[in-house]
Amino acid sequence: MIIKNVDLDGQLTDVRLADGLIAEIDDNLTGLNMIDGHGGALIPGLHDHHIHLNGTAAAMNSVRCGPPEVTAAAKLIEVLNKPGSGWLRGVGYHHSVAGEIDRAWLDEHGPDRPIRIQHRGGRLWILNSLAMNELELSEPNNGRFYDADLHIRKTSSFPDLRPLIQKLLSWGITGVTEVTPSNSIAEFNHYLKNTAPLRVTVMGKAALSDLGHNQVGPLKLHYHDHDLPELDNLATEINAAHNRGRNVAAHCVTRAELMLTLAAIEQAGPLAGDRIEHAAIADEAAIDWMKKLDMIVVTQPNFIAERVDAYVEDVEPHDLPHLWRLKSFQDVGLKLAAGSDAPFGDPNPWKAMAAAVSRPSGFENEAISPETALALYTKPVNDAGAPARQIAVGEQADICLLDCNWADARRDLAVVNVRATWIGGELVYHLVD
């Protein structure tokens, strides 16, 4: 296949794809199978380095229950009571909408059907009485379940991933890293069977180590302030993964989570490729420590835009300058990549890149350039810490074509559209002209 008239480094040229690779870059290429690029920028395919596929697919068929769509109790009551039957699944709830809602609140204000609503933080589900009866659950009486996904989901099958995959392809995403900590062999097989044509790496439990499969990603460490393990125990867990040649990827949203994780990795001994997920609050001491241990940081630029009002209200003032940093990580040379954390964040990578470039008032010091933002999403599938991939002869033909040149795209990444996406040289998405 030949892609005609594409923008590469500010120049119009043609690109030939063959045998899954970028085979030739030159002017006036000819052949039988050609697509006109209309002067759009040709860039490496994007990779979401932190996404929950099943959760995001399910969220596409769920009711939005929090900001920005729902910001008041009256609106929440309205969206919950729209016509429907069977289970009602809500996502994205935040206490700013109607306070700490519970079983009684849902029984009073919701429809006569089983309801389960997920807090936007991901750990909390809120159920009404009908839902608890369906699941044969009696405690806690207030219907607020923390870290109980296996109980909540026992009536659910894996969701259809096809609509989500088509949406990802339309954004130029050619690969994802699935990071759900509960992923075990059943989930791994589900992803391998149902995620084509995306390139997928799957994090999860220690049991995945037994598979010896090249799509198995790091061991996901997922602890919270209320259940942090002893330092020696965490170091032992990390060391066991390292001894099997497997990296770790640690959920670190709070200062305590990050400090304990870094101490445990230092005690166990870091392994090249170990990751810190989020690094939501990182002061200079933490940044220096991550650099010393050669950590890869996988962050979410979208959150600072999506949740800024709540952060200003809820985060301690002294921590606001340390929140969802980017430029400070870049300045010290930390290995840095990005992902959406969908469904807890917007899965659209172009909105996230725009948020990295144009941060909200008060957080501008951590803004980065459009080129650096793009680089966060163009790292190799299995190495979020590597340099960004390039459009070059011999490179894998996982690429996407924009609807404008890069000079125009960089002015506002949020409005960029993708005209076509290729994976392994195969056209997997094409916006009809």
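The values are calculated or read from the model by the stated rules, or taken from the named source; none is laboratory data. Quantities reported herein were computed from a predicted structural model and do not represent experimental measurements. Note that we place each Cβ from the backbone using ideal geometry, even for glycine, and neighbour counts take in every protein chain shown.
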Taking the criterion of being part of a helix (DSSP H, G or I), surrounded by 19 or more Cβ atoms within 10 Å (Cβ to Cβ) and free of Cβ contacts under 8 Å to residues at least 40 places away in the same chain, would at least one residue in segment 359-376 satisfy it?
yes
From H213, H242, grab the single residue that is within 21 Å of N382 (Cβ to Cβ), assigned to a helix (DSSP H, G or I) and assigned by TED's automatic domain parsing to the domain that holds T180.
H242
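Say whether the condition of being modelled with pLDDT under 95 and loosely packed, with under 15 Cβ neighbours inside 10 Å is met by at least one residue in segment 280-298.
Checked against the condition, which is being modelled with pLDDT under 95 and loosely packed, with under 15 Cβ neighbours inside 10 Å, segment 280-298 yields no hits at all.
Return a yes/no flag: does segment 285-294 have any residue that is in contact with a Gly (Cβ under 6 Å, 6 or more places away or on another chain) and assigned to a helix (DSSP H, G or I). Show your work before the answer.
In the first step, residues of segment 285-294 are kept if they are in contact with a Gly (Cβ under 6 Å, 6 or more places away or on another chain); the result is none.
Checked segment 285-294: no residue is in contact with a Gly (Cβ under 6 Å, 6 or more places away or on another chain) and assigned to a helix (DSSP H, G or I).
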Screening N128, N61, N54 for residues that are within 30 Å of Y429 (Cα to Cα), touching a strand residue (DSSP E or B) at 6+ places or on another chain (Cβ under 8 Å) and either assigned by TED's automatic domain parsing to the domain that holds H251 or of a type in the set (S, T, N, Q) (or both) leaves only N61
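For the subset of segment 77-94 comprising residues that are charged (D, E, K, R) and at pLDDT 90 or above, which member is surrounded by the most Cβ atoms within 10 Å (Cβ to Cβ)?
Once the filter is applied, the top-ranked residue is E78.
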Verdict on I265 being in a strand (DSSP E or B), assigned by TED's automatic domain parsing to the domain that holds S182, surrounded by 18 or more Cβ atoms within 10 Å (Cβ to Cβ) and touching a strand residue (DSSP E or B) at 6+ places or on another chain (Cβ under 8 Å):
no
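If a residue has to be more than 30 Å from A280 (Cα to Cα) and either exposed (fewer than 13 other Cβ atoms within 10 Å of the Cβ) or in the same structural domain as H222 (by TED's automatic domain parsing) (or both) to count, how many in segment 95-125 make the cut? Outline the logic, then answer.
Quick first cut of segment 95-125, residues more than 30 Å from A280 (Cα to Cα) only: 103-115.
Right, trim to either exposed (fewer than 13 other Cβ atoms within 10 Å of the Cβ) or in the same structural domain as H222 (by TED's automatic domain parsing) (or both) and you get 108, 112.
Final tally of qualifying residues: 2.
Return a yes/no flag: does segment 205-224 have any residue that is aromatic (F, W, Y), under 22 Å from I51 (Cβ atoms) and buried (at least 21 other Cβ atoms within 10 Å of the Cβ). Quick ask: steps written out before the conclusion?
Taking segment 205-224 first, the residues aromatic (F, W, Y) are 223.
When the remaining residues are screened for being under 22 Å from I51 (Cβ atoms), the result is 223.
If we keep only those that are buried (at least 21 other Cβ atoms within 10 Å of the Cβ) too, we end up with none.
Among the residues of segment 205-224, not one is aromatic (F, W, Y), under 22 Å from I51 (Cβ atoms) and buried (at least 21 other Cβ atoms within 10 Å of the Cβ), which makes the answer no.
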